[in-house]
Amino acid sequence: MKLTKEQVEHIADLSRLEISEEEKAKFANELSAILNYVSELNQVNTENVSLNSQAAGSANKMREDKTEKFGREKELIAMAPEHQGGCVKTKAIL
């Protein structure tokens, strides 16, 4: 699948990105190569592959969480520009 510069421009607009004409051509080629690779992967026969198989056959090994007392919370909070009730106060981000 070959993407056109216009399609790349549309993707950039949706992403709110400003890209140059040179970048449009570059990204058209790079994204086309990615889409071609995905197309090749879609053609791989996975009929006899179980959905939960692993190449190495091992499971994830998780460590147990350990908590430790920090002990210097008051110092850190005192360094914050704003704090309230023992917590660092920040501006709303959403």
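Listed values, structure above:
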item: Tabulated pairs, region 19-39, first surrounded by fewer than 15 Cβ atoms within 10 Å (Cβ to Cβ), second in a helix (DSSP H, G or I) and not charged (D, E, K, R), C-beta under 6 angstrom, 6+ apart or interchain; result: none
item: Test: residue in region 26-37 that is closer than 30 Å to residue 1 by Cβ and in contact with a helix residue (DSSP H, G or I) (Cβ under 6 Å, 6 or more places away or on another chain); result: yes
item: Test: residue 59 is more than 30 Å from residue 2 (Cβ to Cβ) and exposed (fewer than 10 other Cβ atoms within 10 Å of the Cβ); result: yes
item: Selection count where residues are surrounded by 15 or more Cβ atoms within 10 Å (Cβ to Cβ) and of a type outside the set (Val, Ile, Thr), scope region 6-18; result: 3
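Each value in this text was obtained by applying a stated rule to the coordinates, not by laboratory testing. What you see is a predicted model; the values in this text were computed from it and never measured. Because the Cβ atoms are built from the backbone with ideal geometry, glycine has one as well, and the counts that use them run over all protein chains shown.
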